[in-house]
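The values are calculated or read from the model by the stated rules, or taken from the named source; none is laboratory data. Predicted, not measured: the structure shown is a model, and the values here were computed from it. All Cβ positions, even for glycine, are placed from backbone atoms using ideal geometry, and neighbour counts span all protein chains on display. All accessible areas refer to the heavy atoms of the entire protein, side chains included, with ligands and DNA or RNA removed. Shrake-Rupley method; radii C 1.70, N 1.55, O 1.52, S 1.80 Å.
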Amino acid sequence: MKYALLKSYNLMTLYFSDDPFTIFAPQNAATKRIEILLQEPDAVKRILMNHVVIGSRLDLENITDELSFQTAGGRNVHVKLIKDGKLQANDAVIVKRKVVVPNGILVVLDNYLFHEEEFMKKNATIPVTKLADISALPLVHKEDSNHHYNTTFVENILEVLSFLKSGVRVFQHFLSRSNVSKLLKEGEEYTVFVPTDHAFQRWHPIDWGFYPFSVPEFTESVITNHFVRGRLKQDNIKDGQIVKTLGGKEIIFKRTPNLFVNGATIVKGDTPVAKGNIMFIGEVLFVSESVVSKLHQQHRDKETPPLLAFPWFGAQFLSHAFLALERDRRFSHITRFLNLADLAPHVSGTGYTFFVPIDTAFEELGLDKMPDNYLSNGQGLEILLNHFVKGRLYDKDLTDGSQLTTLGNKTVTIRRRDKVKVNEAAIVESEVFVYNLGTMFYIDKVLFATLSDLPSTTILSTTTDKTTQKPLAATTLGETESVPDELAEKSGQLPDILVSDDASTNKTQSAQPKNATQSVTIK
């Protein structure tokens with residue numbers, strides 16, 4: 001069932017406070033008679049205020065006598081019993097007497113509390129000639145084949161959750177994107193346990209780290225396992241009662257000292273909706289430290305990184321990849337070449353694949369004897385750029401015969417036989433995730449580099465200014481400064497801020513050599 005007026009004009013956001021309240025919510029069937037008025041902002045505000053009672057939760061379930069009260073708009077409402085035990089508020093029949101929401105109650109009506117003529121007299125912005133048009137519009141009932149209603153249980157849940165100003169936005173977001181409605185059968189009733197936002201916040205990393213609900217299939221299973229068949233009511237639940245979720249897991253209720261489901265506290269009070277019931281809980285069911293840890297191991301590519309100001313602030317993928325490689329003894333050569341190469345403007349931001357040659361690949365070409373700045377510019381820089389591909393690739397993306405264009409504008413071809421090869425280089429380790437920034441694949445050869453391809457001109461010494469050139473034989477190898485301990489910490493040990501793929505990148509930022517004379521400040 002829909003409450004069109006509330007949803008369309010977001011009444012909860014406009015008027016809710018910490019005070020208790022009661023809202024008289026007309027069904028969609030009443031909207032046709034008043035839709036012209038709803039086009040006028042002043043009329044909308046007046047209608048809304050005339051359907052809200054601030055400072056009181058009116059419980060009409062056990063009413064035995066007539067009741068009168070005043071709305072926030074200053075209008076009088078008279079509630080009385082009519083035939084068949086139904087209640088009537090002014091001329092509107094009460095369809096549902098009590099829908100409990102945090103701090104308040106919704107009372108569902110089949111019509112508005114006041115006639116259109118009364119609204120019209122209070123609103124001079126609508127021409128009086130329109131009155132006949134409004135009065136002539138027929139009431140639309142559910143039997144009208146031209147009118148479509150959202151009657152599924154999931155839609156009813158989302159309807160109620162949308163009324164709440166805060167507290168359950170995370171579950172509402174995930175539920176709206178789930179496929180759980182496909183599991184609901186026509187004519188059956190269901191109960192859903194809705195975790196609060198605070199329950200989800202427990203699993204959110206502080207500034208950076210792994211958030212389990214960034215894995216879509218895991219989130220889908222969690223949402224599904226918060227639904228059970230049948231309209232459960234808190235007063236009827238027995239201690240030790242076991243129920244299966246739609247995902248096939250078991251939940252156990254305990255009643256001492258309060259009502260719990262799988263150890264999670266259930267907020268007192270049912271929230272009945274068409275086709276079932278809603279209960280609010282203080283924990284996310286079937287999520288634990290061990291579950292999240294195992295999920296983390298399987299989805300390293302979902303982990304968010306700390307923002308690094310070192311070595312290259314504007315190149316987060318390159319910086320994190322460099323620090324990871326530097327901790328691995330197999331990559332002493334690629335890291336010293338990367339250290340002095342001005343790659344940051346070419347590999348700025350995030351979203352790359354890096355084919356990383358191991359040390360033996362450089363030694364095969366004699367590059368282990370070359371100084372650190374040997375590949376820092378010109379033809380040497382192109383060799384490094386030919387190991388980067390724009391776009392984050394997984395092993396499944398490296399299909400046989402596929403071709404990729406490198407940042408050096410060369411084309412590499414993937415071959416999948418006994419081994420996966422990139423041109424002639426075999427991949428020795430796949431899918432090394434650099435947080436959610438990109439992927440590395442370790443290879444056993446340097447791409448597009450043979451002895452004849454290597455730079456033959458004189459190069460710069462690592463111990464002199466770049467404008468000074470010395471013969472190759474006269475150069476000495478520069479020593480690579482070690483990475484500060486606080487930056488070499490394993491992921492998840494130090495708090496920092498989340499990196500943004502766009503906001504944190506600076507495409508004009510140049511590389512900062514670690515052995516430069518200027519100091520680097522880590523913010």
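Among the residues of the stretch 100-120, how many are at pLDDT 85 or above and either open to solvent by less than 10 Å² (accessible area, probe 1.4 Å) or not in a loop (DSSP other than H, G, I, E, B) (or both)?
Qualifying residue count, the stretch 100-120: 6.
For Thr350, are the conditions met, namely being open to solvent by 50 Å² or more (accessible area, probe 1.4 Å), out of contact with any Ser or Thr (no Cβ under 6 Å at 6 or more places or on another chain) and not in a helix (DSSP H, G or I)?
No, not satisfied.
Could you check the stretch 230-291 for strands (runs of 3 or more DSSP E) lying wholly inside it with 2 or more residues that are exposed (fewer than 14 other Cβ atoms within 10 Å of the Cβ)?
Of the strands (runs of 3 or more DSSP E) lying wholly inside the stretch 230-291, those with at least 2 residues that are exposed (fewer than 14 other Cβ atoms within 10 Å of the Cβ) span 242-244, 250-254.
Out of the stretch 304-322, which residues are open to solvent by less than 10 Å² (accessible area, probe 1.4 Å) and part of a helix (DSSP H, G or I)?
Within the stretch 304-322, Gln316, Phe317, Leu318, Ser319, Ala321, Phe322 meet the criteria.
Take the stretch 382-436 and flag every residue that is surrounded by fewer than 18 Cβ atoms within 10 Å (Cβ to Cβ), assigned to a strand (DSSP E or B) and either free of Cβ contacts under 8 Å to residues at least 12 places away in the same chain or among the aromatic types (Phe, Trp, Tyr) (or both).
Correct list: Gln403, Thr411, Phe433.
State the number of residues belonging to the stretch 161-218 that are under 23 Å from Lys294 (Cα atoms), open to solvent by 30 Å² or more (accessible area, probe 1.4 Å) and in a loop (DSSP other than H, G, I, E, B).
Matching residues across the stretch 161-218 total 5.
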